[in-house]
Ligand SMILES: C[S@@+](CC[C@H](N)C(=O)[O-])C[C@H]1O[C@@H](n2cnc3c(N)ncnc32)[C@H](O)[C@@H]1O
């Protein structure tokens, strides 16, 4: 059985923020579209205040944690990769984010500690997302929100998210993603329901290929012009928000 490669995150260092010949450049480009959607959801649910406590699980080098800290909320970022956490702290311009090493299966926080829990490009990196979502719900306050991003599981996702990236981006490590860990939106909704949460909205997110000059497609480099946009289709990559039941 193919295992997903989670060791690679310890090796990036500043490449998290600088490399353009590696799939981390795709994560950076995608986060420019994910973050405004997440901020708009926080605003809608009344969680864009200085009292709001956010836990960003599998925060990596802090693309989302650091962006949310700039919005004035209180952010804790956790990850298994201590090397990534060092990078996250270095790039935190606010120096307010609390970065801490932790395993998502057993979060070192009391029940009902957070208003918001985010997990970007994370659930497809673990073997048991259902167990982890139960743990997420435990640390969320009643009425708190869980915001996720992950990949749908189907043949097109295999070709676009796994194979295109392997073919077109130079330093793609082996088993960066494995298809069997991708999650169908219905499965994710079911896991949320089993954990006492209800999905309120989902949106697809897709790359805009027309912004990429053809000569750049086969250069192994992720062009600076690459951008992502929201789409109704959840066929490939999708985000969503679920709310924990109040009783
Ligand atoms: C694809 S990266 C996403 C990073 C970040 N959320 C982003 O969107 O830029 C997946 C992250 O999950 C972390 N991770 C994997 N398994 C984990 C676990 N059980 N507990 C905490 N973090 C984990 C990895 O170390 C890695 O930093």
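Couple of notes before you dig in:
- With each label modelled as a point 7 angstrom along the Cα→C-beta vector, the residue 70-residue 163 pair spans 3.7 nm.
- Scattering profile of the range 85-187 at q = 0.12, 0.23 Å⁻¹ [log10 I(q)/I(0), Debye over alpha-carbon scatterers]: -0.54, -1.23
- Antiparallel %, DSSP beta bridges [both residues in the range 115-239], to 5: 65
- Stretchable slack from residue 109 to residue 91, in nm (0.36 nm times residue separation minus alpha-carbon distance): 4.0 nm
- For the chain, the relative contact order is 22 percent, taking Cα pairs closer than 8 Å that sit 6 or more residues apart in sequence and dividing their mean separation by the residue count.
- Taking the DSSP beta bridges with both ends in the range 45-191, the antiparallel portion is around 5 percent.
- Once the Cβ-Cβ distance of residue 170 and residue 83 is raised to the sixth power relative to R0 = 30 Å, the FRET efficiency obtained is 0.90.
- Of 39, 116, 139, the one that fluctuates the most in a GNM where the chain has Cα springs shorter than 10 Å: 39
- Simple spin-label estimate for residue 138 and residue 198 in nanometres, 7 Å along Cα-Cβ: 2.5
- Rounded to 5, the percent of DSSP beta bridges in the chain classed as antiparallel: 55
- Normalised per residue, the volume of the convex hull around the Cα set of the range 7-244 (Å³): 112
Bear in mind these aren't lab numbers, they're just calculated from the coordinates by the rules spelled out. Quick caveat, the model's predicted, so the values are computed rather than measured. Here Cβ is always computed from backbone atoms with ideal geometry, including for glycine, and neighbour counts include all displayed protein chains.
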